[in-house]
Amino acid sequence: MKIDKQEFIASLGGPSAVDSMNPEAQADAIEDFMMKRLNQHKFGLALKGLNEPGVALDASGKYPTMAEIEAQIETRDYRRGVGNLFLSHTGSVPKLPPMPARPTLADYFKQRFVFTGNHVLQSANLAMKNGLSEEIVLACLLHDTVQELIKVDHGWWSAQLYEPYVSEKVAFAIRYHQALRFYEDKAHGYEYPEIYRMFFGEDYKPEPYIEAAYQMVRNHKWYFETRMVTVNDLYSFEPGVNPQLEEFTDIIGRHFKQPKEGLGYDNSPVAHMWRSIATPDRPL
Ligand SMILES: [Fe+2]
Ligand SMILES: [Fe+2]
């Protein structure tokens, strides 16, 4: 999917606003922008829905200053790291269909992964077309779904959500795809994205915890698997490509340990995370 740079910058509030964001926030914003774009194609949402409340261009087309953007934090009624399920994308949040008593991964895909589903299906589809292993395809299929719950540090959150149900290798690839996004590896077909250079600056250095994670993963036996999540991630934002979950049923069956009590009800250390996705309208 091609990004209109001007539109992207405007959606964040202009060049000074982009400069004022930390690099991780910028990377997340790009991913978020592309996901919204995908969903826009999927649901036919109005273009203005891309702009977050309070960061739209003013009537004269002038970008806000950094100070104005900074001030806008306090005008927003949400924080930008909040999960998609907890945000209104159209003015109000939709009523969610109830989940079955013993929900499966497929149930979550169909009823809760509304904003991330298409993106991860496209990633998994691309990984499959590229002839990658079933574990890599699964990692691609799951890598961003936790963003329904929370976006901040989504690689770590996502790996945690899936750890009890997938191999250590799959969880590893999911966790560290977040860090590898910033580091080029031409031998594996991953170039530092041009759009990152534009937004982060030529001299950009990722935060120390990201750099440390990258250094560790680079020399790890599962580097390839992790790298492949980023390779199939960045180039998978294609409108019009609409892979279905059913295409991955066999891979899920072989590599995802579906608990018989249902996700959220198996007393695992992450069951509460699944319940929070299942029932985000509970007040406490
Ligand atoms: Fe991601
Ligand atoms: Fe992604």
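Numbers at a glance
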item: Cβ-based net charge around residue 101, under 14 Å, with every Lys or Arg adding one and every Asp or Glu removing one; result: 0
item: Pair residue 260, residue 207: separation of 7 Å Cα→Cβ label points (nm); result: 4.3
item: Amide H within-cut-off set for residue 185, under 5 Å, with H built and near neighbours excluded; result: 190, 191, 192
item: Residues with amide H under 5 Å from that of residue 82, placed H, sequence gap 5 or more; result: 151
item: Table column - 3J(HN,Hα) (Hz), the range 97-107, Karplus curve with 6.51, -1.76, 1.60, x for Gly and Pro; result: x, x, 8, x, 4, 10, x, 9, 4, 4, 4
item: Protein accessible area in the range 200-284, 1.4 Å probe - carbon and sulfur %; result: 54
item: Calculated FRET efficiency for the pair residue 191/residue 160, C-beta based, R₀ 30 Å, to 0.05; result: 0.50
item: Sequence ranges 278-284, 141-147, ranked by mean other-Cβ count within 10 angstrom, highest first; result: 141-147, 278-284
item: Heavy-atom accessible area order for 148, 211, largest first, 1.4 Å probe; result: 211, 148
item: Projected label distance in nm at residue 152 and residue 184, using a 7 Å step from Cα toward the beta-carbon; result: 3.2
item: Positive-end residue, the range 226-284 charge dipole about Cα centroid, Cβ charges, pick of 239, 277, 249; result: 277
item: Rounded percent of accessible protein surface that carbon and sulfur make up, the range 108-164, 1.4 Å probe; result: 55
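The values are calculated or read from the model by the stated rules, or taken from the named source; none is laboratory data. Note that the coordinates shown come from a computational prediction; the quantities given were computed from them, not determined experimentally. Note: ideal-geometry Cβ built from the backbone for every residue, glycine included; neighbour counts use all protein chains shown. Heads up: the accessible areas ignore ligands, DNA and RNA and are worked out on the full protein's heavy atoms, side chains in. Shrake-Rupley method; radii C 1.70, N 1.55, O 1.52, S 1.80 Å.
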